[in-house]
Every structure is written in structure tokens, then in C-alpha cells.
Amino acid sequence: MEESQELPECPVCLQPYDGECTIPRVLACGHTVCESCLVNLPKKLPGAIRCPACTVLVKYPPEGPTTLPKNIDLLRLIPASENPRKPVNKPKNVSHVPFLPRSWSDEFYSNWKNYLLRDDDVDRNKVSLLPVGYFSTGGEDDSVFNTEYLVRVMDCLREMKEDGREELGLVLRAFTKQICRICRMLGLWGDLGDGVLYLVSEKQRWGNFLDENLCSFEKDGVFNFAMIGMEMCEAVVSLHGEGLIAGCLSFACFQFDDFGHIYIDLNEVLLTGRGINVMNVVYSGKKISDEEIGILFKDLLKRDVFVSPEVLLKLLDKKGIEVECDSSRYSIGSSSDAWLLSCILLRIVNGEAFSDELVDYMCHIIVKGSENCEIDCSSVYTSFMEKVSSLFGTKFGDKCVPLQQILCKCLDLDPEHRSLVRDVWKCIRELVIKPQFDKLVKLDGASYDENGDRCLVAGKLCLMSGVRPVKQEKEETQGNETNGATDMVNGLTEGSIKSKDLQGHLDCVSGLAVGGGYLFSSSFDKSVKVWSLQDYSHLHTFRGHEHKVMAVICVDEEQPLCISGDSGGGIFLWSITTPFKQEPLNKWYEEKDWRYSGIHALAVSENGYLYTGSGDKLIKEWSLRDGTLSGTMTGHKSVVSAIAVSNGVLYSGSWDGTVRLWSLSDHSLLTVLGEDMLRTVSTVLSLAADQHTLIATYENGSVKKSDFSAFQ
């Protein structure tokens, strides 16, 4: 009896290869590992992975293991597995925005980043703008340092009230895509000049909807009226389809595009709602009389602003305004917008005569429309409908009687008795298109969930006054201790930090370092100067270098040190305990050869070693105790111009345009960034690194970020 053949298996998970889920992939070292294990092996760096079989560092493709070649020889030997193991998906990358004084989380940033427009993306003349927040513009002095645009906009969003920010996000999510008959939202834009955060939407070319000729329809103007009415209805139905109710509308909310089609501008809807809320303020905290109701409605109708009874009563209630009689039993819903459309269409046809009749009707039903006056309200409604019908019939005659009836029905006090907007649309459409074509129409996609819809005019975006809030002045008191780090962050986030010129060096300043309560600056004038961090006065000068000082760092340990390196290979250690001494604590020189061009970069690790980047293309490790050379790292093809140390990894940048990552434990090369890029070589000037991120600056002016958060 033949022995069963042992199936080849993955050296990590010990599962047999099957060619479907446990797919054998060949690494650069020649060993084979299954695709699922390669995805889930711990990776501290992108572009490099240690082979599980031989532990050699090999390249890991950025696209993942699917781009590695399959081991065809193994696939020929193995049968298909009946129960393939399901691979584990690779965790998604987490967005990081390091090196910013921020008070918002990565999740908060990822939720809003796609809606932020760049500070130079907006032309005020071509978009519609609505203020939704404010931030500091900084000081008036030319020597003020302003935080970057992103930080200030994100902080402005974070400081918003949660319910207002939630509503803003709802509007952006719904209308950043193209919706029928609604101007698309472009995003959020912060104007650094006036310190205002704007909600930005498209602006149609032909501006406001109302034109003097719209009120002069005759019997032969039915077609024009029908086209206008249909497109207005379509815009409102699209709004309902996104779960929003306007609650108020004006002629300014509608615009014509280049092809003569009507669009609704949501920014104008919100601005109209703010205007209504501001008008209500004058009555805050007291009862409103019949006469005042009339004045309020007349003021609104003078500006061709329409609001349904239930919405107006809701706004008055929010302002603490008492109505003499209870007429607020009706809830706000999509039928509230049917009231608005009916008012607008009748106003277009009948002009100011309709507005006068509407004022009388609204005053009566709001002030006197209690349950005990149902008979009286019914008679007032009947009288109002007769007047409206007479005005409408004068313009269009008997042909538009069905439309006249449905528009009048939309003006019923009880929202449940009103027609829906889509029913108004169908009635208008029948004036120009025969009903037999209705089977081709699908206008039932709008949501009419009265409990789930939001009313814009009663929402938080409309409750904003649009006026910059006045900040209370901070009282200056003596004896209060302040935290310097907190002041620094607050100064950055508020938008301004005062600057001061520190003069003293006679040549180029080549490096800066902060430690021990001091600022250190190195210069080509062969000196290192010490400055006070309290008033930035000059305290001391370290002299002794015979060549240009190229780099300086500070070590804050039991014995604080300032370390400087020069172009002649000299490394000087200075004590920064007071009183400052003229002579260095220790100094030594790198070994020179014909290629040598001095020290260009310095860094110190937590284990007490100094690392230098030199002109001989080497990175050297020195003991700070006695200055002995304990190791070198070779690989760069030109001068090592920048070094940074973080989390057990040394980052080195060079004139060859690459950044190399080294393990501090064994000095092995982990990966190379920029080596495979087809571009003109640009010198790496500086590096900054933390646990997750590396920032590199280049001679050509570019700044590049590498995010390692997904590989920890």
C-alpha cells in the first residue's frame, strides 16, 4: 500500500496550499508563504518584510502580496482543498494628520476632510456662500504667524454645537452629489481674510427667479406658467427625497440656469430661514397680538417670503413668543412645502392682490383658529378660496380649473387635508402633456416620512444669526501661573503667535535646537549661540569650532548637553548648566579621507548614542560617554544631509534624494523611500519623525509625508 503524499503547507499557518485561499506566493529570497499570512504578518514598515522562513528583510510590494508571483511548482503538486480557509482582510489605513496643534481626532478629520475646499479654490462671484462658522483672523501686525488653513477650519468645525454640525453634515452628504433641480453643494471654505467659514454651493448664471413679466400671464401664457411650476415642484420633491423640508421659500431661492431650467439654491433657503428667525426676535418673550401678526406677515410678503402656518407657529414657540389662541396642534411635514409652492404659484399669477388676501387669511386662522372656532375658520377659508379662484380664473379661464382647485386645497389650515407636491406637479403637467403619457413618469421616489424629515427653517443652520459672535475679553490678573506649552498650542490654534528677530550671528544660521530651557542656534560663523526662551535675549556664545557649524542638537538628560558638528568633522559637547563654560566638555573628530566634507546632521537615541550624517555617505554611531565609534551604516550614494530617530528606527536623508530607514538594534536597512521614483534627484534637506509619520523636505521646495500608522 502506497504511503499518502504529504501536501506542501505554509510555514506560518501550517495550512496546506490550495491555490484558492491558501495561495503560495514567492518572496524575493526564494521562500514561499501563503498570501493570507503575508497580509497579516506584523509589518513595521511599508515596502519591507522579514521572511518567516529565513528572517531576511525582503521587499514587500505596496499593492500587497497579490502582485508577488505564485509558486507554480507547488500548485501542480497539490489538489484543490475541499474546505479552503477564508483569508483575513487587511486592516484599512487610518488617516493621520501629525505635527499639528489640534484638538480633534483622526475620526473627526476623516469625516470632514472630503468636504473641505482649498483656500484658493473659491471665486466669490461664481458661487453661493452661506456663513456657518467663524474663526480667528490673527493679529494686524506683519510679524504674526498664522496657523495653516486646515487647522483653523477643522477647529472651527469642532467648536460648533453638535446638533448644528450634524445638520451641516447631513446637507453636505445629501447635496455634494448632483440632485435634480437642486444646486450642488461644493463643500466648506474658510475665508482667511474675514475669518468666516462658508457653506459653498453652485450659483446659476442668471440669478434670482422673480422677474417683472412673470406676474403678467394671460390666457396664452399657460404653457410658460406650467413649465415654471413643474420645475419648481421637481426641485421641492428632490429635497423631500433627501429627507429635508424647506419650511420657507422665497423667489430668491429659485434660479435659472443657462438652459432656462429652474434650480433651487439651498443656501438661499437657509438664508431666508435666518431672516424669518431674526424677524421673530423683536417679539421674543411676550405675547403677539393680531395686529403684530399682520405686521409680521406683511413684512415677509413684501420680500416675497412665504412660510406655512404650522412652521411659523413652531418658530414663534422656539423664541418663547405666546400666541393669543392655540393653533399649534398641527405638525410640520412635507405638506408644509405644498403650502409654500401654492403661495408662490398663485403669487406669480395674481401679483400683490393675492398677497393682501393671504395676509388677512393668515392673521385670522392663526390668532382665532382654535378648536372652538372651526365653523368661523371654515367660512373664512371658503371666502378666501372664492377670492383666489376669481383672481386665478381672470388670468387663465376655465382651462385651469383643476389646477386652481388643487392649489386652493394646498392652502388648507390642516396639513393632512392638503395635496402632496407630486400631485400638484401631475396636475400642472396635464396642462401641456396628455395624461396617457403618465405611465412613463416615476415621481414617487420622494420620501414622505413625516417623523423622519428635517425642517430646514426650524433647524440649527437657520437659527444661526449670520453675525460674528462677540468674544468676551479675558481678564488680566496678576499671580496666575500659566503653562508655556499650553500657551504655545493655544496661540497656534487661535491663529497668531508674536515673533521677534534674534540678531547676533554673522553668517548663515544652519540649525536650531531647544532644550534645558534654552534655544540654541548654529551658524557658518563657527559659533553656537544660546538664547533665553523667556524674552529671547542672547545669553552666551559657544566658541571653539574651526569650521562652519553645520548642525546642533540638545540632549535633556541627567547632564543636559548641547552637541554641535562642523564641516571639518569636529563634534563638540557643551554643558548647558549655568554658569556656561567657554570650553567644551568633550570633542572629537571623524577620520578624514579624500571624499570627506564634514558633519551635516546629528541625532541622539534614547540608549545614549550619537548618530552623525557625513559627507563620506556614512551614518556613524558614537558613544556619548567617551566618543568612541561603535558602528557605521552604509548605503547612501551621496552626502547624508538629515537624520531623525524615533521608535527604534533611524531615518536618514541624503543628497541622492532618498530616505533610508535603519534598525537601531542591528543597524540593518529596513527600507528605502524614493529609490524607485522616476524623477530628477532633489536633495533631502530635513526630516521630522514621530511614532507614525515621517515628514521630509526637499531642495526643490516639496514636502512629503509618509504614514506608517497602518504598519504598527
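The values are calculated or read from the model by the stated rules, or taken from the named source; none is laboratory data. These numbers were taken from a predicted model, which means no experiment stands behind them. Ideal geometry is used to build each Cβ from the backbone, glycine not excepted, and the neighbour counts take in all protein chains shown.
Search region 298-335 for residues being part of a loop (DSSP other than H, G, I, E, B), at pLDDT below 75 and not polar (S, T, N, Q), and hand back the single one that is nearest to CYS233 (Cα to Cα).
ARG329
Give the number of residues within region 556-569 that are closer than 19 Å to HIS600 by Cβ, surrounded by fewer than 23 Cβ atoms within 10 Å (Cβ to Cβ) and either touching a strand residue (DSSP E or B) at 6+ places or on another chain (Cβ under 6 Å) or outside the structural domain of LYS592 (by TED's automatic domain parsing) (or both).
Residues flagged as closer than 19 Å to HIS600 by Cβ, surrounded by fewer than 23 Cβ atoms within 10 Å (Cβ to Cβ) and either touching a strand residue (DSSP E or B) at 6+ places or on another chain (Cβ under 6 Å) or outside the structural domain of LYS592 (by TED's automatic domain parsing) (or both) within region 556-569 amount to 2.
Which residue out of TYR596, TYR611 is aromatic (Phe, Trp, Tyr) and either at pLDDT below 90 or in contact with a Ser or Thr (Cβ under 6 Å, 6 or more places away or on another chain) (or both)?
The unique qualifying residue is TYR596.
Hand me the list of strands (runs of 3 or more DSSP E) wholly inside region 149-268 holding 2 or more residues that are under 22 Å from the mean Cα position of the chain (by Cα), modelled with pLDDT of 85 or more and surrounded by fewer than 23 Cβ atoms within 10 Å (Cβ to Cβ).
Answer list for region 149-268: 185-191, 196-202.
Has region 656-665 got at least one residue that is in contact with an Asp or Glu (Cβ under 6 Å, 6 or more places away or on another chain) and modelled with pLDDT of 85 or more?
There is at least one residue in region 656-665 that is in contact with an Asp or Glu (Cβ under 6 Å, 6 or more places away or on another chain) and modelled with pLDDT of 85 or more.
Does SER665 satisfy being under 40 Å from the mean Cα position of the chain (by Cα), among the hydroxyl-bearing types (Ser, Thr, Tyr) and not in a strand (DSSP E or B)?
Against the criterion (under 40 Å from the mean Cα position of the chain (by Cα), among the hydroxyl-bearing types (Ser, Thr, Tyr) and not in a strand (DSSP E or B)), SER665 qualifies.
Tell me which residues, restricted to region 364-384, are of a type in the set (A, V, I, L, M, F, W, C) and at pLDDT below 70.
Correct list: ILE365, ILE366, VAL367, CYS373, ILE375, CYS377.
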